[in-house]
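Heads up: the structure comes next, in structure tokens.
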Amino acid sequence: MKRALTLVICTLFLLACAKPAFKDEFESDKPWIEQLTQLPAYPDTKNLMSFDAGAVSGNQYFVDTTSIKIGEDGVIRFSLVIKSSSGALNVSYEGIRCATNERKLYALGRNDRTWAKPRISEWQKLGFIRQFYAQRELSKNIFCPHQQIVSTPEEAIQALKAGMHRNIFR
């Protein structure tokens, strides 16, 4: 009996000291690390491409095609310009993390065509938050079909031109 108890204790000790399970060695199991973000030049109207964010408002929506960057961290970053029906502009530099359907605000545009740091810059679920119509459309139908990030800025621009990514119905 004493020998069996000693064997059980030794076995439990060895299991506790054993190497973690094989699955922990996979790349996808590593913690996600966001890369540092560099702000682009302020958007120029000649580089803006419009897209339809749905009939929920009278606003016009644009992405500055020269600002589109695909990060090694799985985030697509871009300048977004929203023009209200009265002509007011809201300019921002944002990122969408396709794998988690989240967005982050990196900078806000000022009237003097410079960037300002936002008060809050954290990842937010796109879900059904009212003010994220444009970001949801970009994520779901243009930049992140089936939550998979486009591979190049050119692919993103083609999807913007077409109004949806070619893989959306696959």
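The values are calculated or read from the model by the stated rules, or taken from the named source; none is laboratory data. All of these numbers come straight from a predicted model, not from anything done at the bench. Here the Cβ is made from the backbone with ideal geometry for all residues, glycine too, and neighbour counts use every protein chain on show.
Taking the criterion of being under 18 Å from residue 43 (Cβ atoms) and of a type in the set (A, V, I, L, M), the residues of segment 94-121 that qualify are 96, 105, 107, 108, 116. Checking each residue in segment 80-110 for being among the hydroxyl-bearing types (Ser, Thr, Tyr) and either surrounded by fewer than 19 Cβ atoms within 10 Å (Cβ to Cβ) or under 13 Å from the mean Cα position of the chain (by Cα) (or both) picks out 84, 85, 86, 93, 100, 106.
Selection within segment 141-170: residues that are buried (at least 19 other Cβ atoms within 10 Å of the Cβ) and either among the basic types (Lys, Arg) or in contact with a Cys (Cβ under 6 Å, 6 or more places away or on another chain) (or both). The member of this set that is nearest to residue 71 (Cα to Cα) is 149.
Number of residues in segment 20-54 that are in a loop (DSSP other than H, G, I, E, B), modelled with pLDDT of 70 or more and farther than 17 Å from residue 77 by Cα equals 5.
Checking 87, 95, 127, 163 one by one, the residue that is of a type outside the set (Phe, Trp, Tyr), in contact (Cβ under 8 Å) with a residue 40 or more places away in the chain and at positive phi is 163 and no other.
Elements of the type strands (runs of 3 or more DSSP E) sitting completely within segment 61-170 and holding at least 2 residues that are at pLDDT below 95 and of a type in the set (S, T, N, Q): there are none.
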